[in-house]
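One structure is given below, encoded as C-alpha cells.
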C-alpha cells in the first residue's frame, strides 16, 4: 500500500463545528474542503467558496473578517475573486495554505474555530440558498480517451477485427473540445441538431439527434501554466494540476458516426459539457492515491517522457463513480433515480499526469483554469460501462429500467446524475457532489 503524504487536514478524528460535516455519508467533511464558485440569490457577484457539510464557507466574507490575515496578500486577493483562476495560477502550495487555514477555522475546539462559529451567520451560506457556477473561466478544454476498456468496446463495435488502433497504447489520445459550451451542474442540456445517416455511405439528413448519450468522466483543472514551447516533465506534472471534478461529456452518437472521419468529433461533442461545481484538490485526495493501471506484460512500455517510477507507484486515484438516470415518468410518479453503472477511476490506462505531460510535449501552453477530461471511464465488466453506447451496445441491447421503460439512448426529459467518492479504511470518506443535467427537446 502506498504511504500517503499526509498532514493535519487528513486527521479522521477531527470534527467540525458545522454539524452536517460530521455525518458519515457527507461528501464534504472537514477532510475534503473543495473549492467552488457560488452566488447568493440576492446578489450578482460570484464568490469563492469552500464546501463544508451542507454549508459553504464564503471566502470573501472570511477574508474580510480577518481569517486569512496570515497568508500571502496574493492569496487573499485570489480568495476575493469571482473565479478560481487566480488561486489556480498561484499553484498547489498556496492552495494548500488556504486549505490548512480553512481546516483550522472550520474545526471544533480551535481558537480560530470558536471565533468562526461566533461569526457563522456572516461567513457561511446554506447550499440550498445559493447558485453554483462553473468553477473557473475555462479558456481551453481537451478531452482524452484514456480508458482501454472503453476504447476496446467502442472499437469492437466498428472494427471487430481491430478494436484498438496501433497508437493507442503508445500515447494518450485526445481532442480539443469546446470551452464555450461547458455548463454548470443543473443546467438543462438541449438536444442538438445535425447531420446523420441511415447507412455509412449516406446521403445524410439533418434533424435532431436520435442517439444522444452521456459520458462519465473525471476532469482536472490546470494550476500553474507553462510558457509556449516549454514542456512539462512527468515528474513535475502534478504541480500543474489543481484538483479534480466530475464531467459529463454529452455526445450525439449519430452525428458522431457521420462526422468523426477523417478529423474526429465536432458538432457531436460541442453542444454541451457539464461539470460538477466543486473542485476536490489533489491534497484532499492524497489518502486515496493508488498505483497506475498495471499494463499486461505484452503491452509496450511508455516512451521515456511518459514513464516515471513515481507516477507508476502513485499516479492513480481510487475514485468510485456512478451514473444515475431519472426519467420524466419517474419524476411524474415520484420515483427516485435508478443507478445505471458503477465504475472505478483506477481502471484508466493513462494517468492524469501522463495526459498533461503529453498535452504539453509539443510545446502547447496550458493556462490556469484549463480543463482536461479523462474520457469515458469504463471498467472490464458490463456494470462498469460509462455510457449508453456501451451499456446498450450501440442500441442492440437496450437497458431495461425498474419502471419497465427501456433505453438504448437518452430521451427528452431524462436526467443524468454523476456521482463520485473515495473511501479507505482509516480515513474520512470524501465526495465530489453531483454532476446533473436534464435533456431538453431540440429546437424546431
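The values are calculated or read from the model by the stated rules, or taken from the named source; none is laboratory data. What you see is a predicted model, and the numbers here were worked out from it, not measured in a lab. Counting neighbours? That spans all protein chains shown, and the Cβs are built from the backbone with ideal geometry, glycine included.
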Of the criteria (1) free of Cβ contacts under 8 Å to residues at least 40 places away in the same chain; (2) surrounded by 15 or more Cβ atoms within 10 Å (Cβ to Cβ); (3) not in a loop (DSSP other than H, G, I, E, B), which one residue 153 fails: (1)
Picking from 167, 153, 162, 248, the residue that is at pLDDT below 95 and farther than 30 Å from residue 93 by Cβ would be 162
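Residues 97, 102, 89: which one is over 22 Å from the mean Cα position of the chain (by Cα) and farther than 14 Å from residue 36 by Cβ?
97
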On the given criteria, is residue 130 touching a helix residue (DSSP H, G or I) at 6+ places or on another chain (Cβ under 8 Å) and in contact (Cβ under 8 Å) with a residue 12 or more places away in the chain? no
Being within 24 Å of the chain's Cα centre (by Cα) and over 19 Å from residue 390 (Cβ atoms) is the filter here; which residues of segment 160-173 pass it? 169, 171, 172
State whether one or more residues within segment 339-362 are free of Cβ contacts under 8 Å to residues at least 60 places away in the same chain, within 17 Å of residue 418 (Cα to Cα) and more than 17 Å from the chain's Cα centre (by Cα). yes
Somewhere in segment 271-282, is a residue farther than 20 Å from residue 138 by Cα and in contact (Cβ under 8 Å) with a residue 60 or more places away in the chain? no
Scan (1) in contact with a strand residue (DSSP E or B) (Cβ under 7 Å, 6 or more places away or on another chain); (2) more than 19 Å from residue 421 (Cβ to Cβ) for the single condition residue 224 breaks and write down its number. (1)
Within segment 174-222, considering only strands (runs of 3 or more DSSP E) that don't extend past its boundaries, which have at least 3 residues that are under 14 Å from residue 247 (Cβ atoms)? 182-184, 216-222
With respect to the numbered conditions (1) in the same structural domain as residue 374 (by TED's automatic domain parsing); (2) exposed (fewer than 14 other Cβ atoms within 10 Å of the Cβ); (3) over 23 Å from the mean Cα position of the chain (by Cα), which one is the sole condition not fulfilled by residue 176? (3)
Looking at (1) surrounded by fewer than 22 Cβ atoms within 10 Å (Cβ to Cβ); (2) touching a helix residue (DSSP H, G or I) at 6+ places or on another chain (Cβ under 6 Å), which is the only condition residue 409 fails? (1)
Looking at the structure I just gave you, is residue 329 in contact (Cβ under 8 Å) with a residue 12 or more places away in the chain, in a helix (DSSP H, G or I), in contact with a helix residue (DSSP H, G or I) (Cβ under 7 Å, 6 or more places away or on another chain) and closer than 25 Å to residue 433 by Cα? no
Are there any pairs with C-beta distances below 7 angstrom linking a residue in segment 108-126 that is more than 19 Å from residue 49 (Cβ to Cβ) to a residue that is assigned to a helix (DSSP H, G or I), with the two at least 6 apart or on different chains, and if so which? 110/104
If I go through segment 289-311 residue by residue, how many of them are part of a helix (DSSP H, G or I) and closer than 30 Å to residue 251 by Cα? 1
Right, residue 142: modelled with pLDDT of 95 or more and in contact with a strand residue (DSSP E or B) (Cβ under 6 Å, 6 or more places away or on another chain) or not? yes
Taking the conditions exactly as written (within 28 Å of residue 33 (Cβ to Cβ) and touching a strand residue (DSSP E or B) at 6+ places or on another chain (Cβ under 7 Å)), does residue 340 satisfy them or not? no
Just to be sure I understand, how many residues within segment 255-286 are surrounded by 22 or more Cβ atoms within 10 Å (Cβ to Cβ) and over 16 Å from the mean Cα position of the chain (by Cα)? 3
So, of the residues in segment 181-203 that are over 26 Å from residue 413 (Cβ atoms) and modelled with pLDDT of 95 or more, which turns out to be surrounded by the fewest Cβ atoms within 10 Å (Cβ to Cβ)? 203
Please enumerate the residues belonging to segment 259-270 that are assigned to a loop (DSSP other than H, G, I, E, B) and either in contact (Cβ under 8 Å) with a residue 40 or more places away in the chain or touching a strand residue (DSSP E or B) at 6+ places or on another chain (Cβ under 6 Å) (or both). 264, 265
